[in-house]
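Participant: This is the structure, below, for whatever I ask next.
All of the numbers you see were taken from the coordinates with simple rules; none came from a lab. Since this is a predicted model, take the numbers as computed values, not measurements. Cβ placement follows ideal geometry from the backbone for every residue including glycine, while neighbour counts extend to all protein chains displayed.
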Amino acid sequence: MAKRQGGKTLLFLMLFLMLASFLLWRFYQSWVFDDLEQREKLFAGFAEEAAARHQVDPALVKAIIWKESRWLPGALGSHGEIGLMQITLAAVEDWSRLQKQKMPKRAELFQPELNIEIGTWYLSWTLSQWSDYKSAEILQIAAYNAGHSRVSKLWRPESPELELDLEQISFPGTRDYIKQVLARKQHYRKSIHEHP
């Protein structure tokens, strides 16, 4: 009888510990992943490192992440965009081919460090396409949202010296996207200067 009682106690204790562990894990997840500021702190270092590697303004990388996913690493877009920077499989294929990297598995693209690396590389690549243009940053952000070929066909000024006014962006969603990213970029730039 004592053995049976001890077995039940042990089973109860194990179940209790499993439940307590689960509840603590859920509390930790909700504390980290339900709080934008905590998520940002968790992944900002990856954004800064990738920005330095690819010579992209870290405030721009952070603004894109904020706009695309609100710093949620598991974000999945309505058209299959993946992770923090909502990268597309086409961008991943470009990165893999041009950087001579093995094509990652889809699940790996949710890993924050890899996702930010590829997204930041893409930002750098798009900027290199328009580095001579006065409106290079607007073209870069538009390409991140609407695609490089669409930007080249629809909105690239005829001459690099010509300014691209935001109102010339014919897609309201892309125009709003650019405005929000630029505003958030200023927020991050200010915070970088306040807390170097």
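Participant: So what J values fall out for region 151-161 if you push phi through Karplus, 6.51 cos²θ - 1.76 cosθ + 1.60 with θ = phi - 60°, rounded to Hz, Gly and Pro as x?
Facilitator: Running phi through 6.51 cos²θ - 1.76 cosθ + 1.60 with θ = phi - 60° gives 5, 4, 6, 9, 10, 5, x, 4, 10, x, 6 Hz.
Participant: Please check the chain for the longest run free of GluC sites (Glu not before Pro) that are loop-located per DSSP (anything but H, G, I, E, B) and have at most 15 other Cβ atoms within 10 Å.
Facilitator: Counting at most 15 other Cβ atoms within 10 Å as exposed, the longest clean stretch of the chain is 1-157.
Participant: While we're on this one: Among Phe16, Phe43, Phe110, which one shows the biggest mean-square fluctuation in a GNM of the chain, springs joining Cα atoms closer than 10 Å?
Facilitator: Greatest mean-square fluctuation among the candidates belongs to Phe16.
Participant: Continuing with the same structure: Could you check the spin-label model distance between Arg97 and Gln38? Points 7 Å from the Cα along Cα→Cβ, value in nm.
Facilitator: Modelled inter-label distance: 4.2 nm.
Participant: For the chain, modelled as a Gaussian network with Cα springs under 10 Å, which listed residue fluctuates most, Ile82, Ile64, Ile169?
Facilitator: Of the options given, Ile169 has the highest mean-square fluctuation.
Participant: Please give the helix 136-146 orientation as an angle from the longest Cα principal axis of the chain, in degrees from 0 to 90, rounded to the nearest 10.
Facilitator: Approximately 50 degrees, to the nearest 10.
Participant: Given the options Leu164, Ser152, Ile141, identify the residue whose Cα lies farthest towards the positive end of the charge dipole of the chain (+1 on Cβ of Lys, Arg; -1 on Cβ of Asp, Glu).
Facilitator: Ile141
Participant: Between (i) 15.3, 46; (ii) 22.1, 90; (iii) 16.8, 52, which entry matches Rg and Dmax of the Cα atoms in Å as derived from the coordinates of this structure?
Facilitator: (ii)
Participant: Name the long-range amide H neighbours of Ile87: under 5 Å, sequence gap of 5 or more, or other chain; modelled H, no Pro or chain starts.
Facilitator: Ile82
Participant: Could you work out which residue, out of Ala90, Ala142, Ala59, moves most in a Gaussian network model of the chain, that is, has the largest mean-square fluctuation with Cα springs under 10 Å?
Facilitator: Ala90
Participant: How would Lys62, Lys67 line up from fewest to most surrounding beta-carbon atoms within 10 angstrom?
Facilitator: Lys67, Lys62
Participant: State which entries of Lys41/Lys102; Lys41/Lys62; Lys41/Lys179; Lys62/Lys134 exceed 18 angstrom in Cα-Cα distance in the structure shown.
Facilitator: With Cα atoms farther than 18 Å apart: Lys41/Lys102; Lys41/Lys179; Lys62/Lys134.
Participant: Step through the residues of region 100-105 one at a time and calculate ³J(HN,Hα) from phi using the Karplus curve (6.51 cos²θ - 1.76 cosθ + 1.60, θ = phi - 60°), rounding each to whole Hz and writing x for Gly and Pro.
Facilitator: Taking θ as phi minus 60°, the curve returns 6, 10, 5, 5, x, 6 Hz for region 100-105.
Participant: Using θ = phi - 60° and the Karplus form 6.51 cos²θ - 1.76 cosθ + 1.60, what ³J(HN,Hα) does each residue of region 50-67 get, whole Hz, x for Gly and Pro?
Facilitator: Ordered by residue, 3J(HN,Hα) equals 5, 4, 5, 4, 9, 6, 10, 4, x, 5, 5, 4, 5, 5, 5, 4, 4, 5 Hz.
Participant: Sticking with this one: Excluding residues fewer than 8 places away in the same chain, name every one of the aspartates and glutamates whose C-alpha is closer than 19 Å to that of Lys105.
Facilitator: Lys105 reaches Glu81, Glu93, Asp94, Glu113, Glu117.
Participant: Taking square-rooted eigenvalues a ≥ b ≥ c of the alpha carbon gyration tensor, is region 86-196 rounded, prolate or oblate, where a/c under 1.5 means rounded and, failing that, a/b exceeding b/c means prolate?
Facilitator: Because a/c hits 1.5 or more and a/b fails to exceed b/c, region 86-196 counts as oblate.
Participant: Normalised by the number of residues in the chain, what is the relative contact order in percent for Cα pairs under 8 Å and 6+ residues apart?
Facilitator: Relative contact order here is 18 percent.
Participant: Just subtract the alpha-carbon distance of Leu72 and Leu13 from 0.36 nm times their residue separation and send over the number in nm, one decimal.
Facilitator: That pair, Leu72 and Leu13, stretches by 17.7 nm at full extension.
Participant: Please give the charge dipole size of region 36-194, origin at the Cα centre, charges +1 on K and R Cβ atoms and -1 on D and E Cβ atoms. Round to the nearest 20 debye.
Facilitator: About 340 debye.
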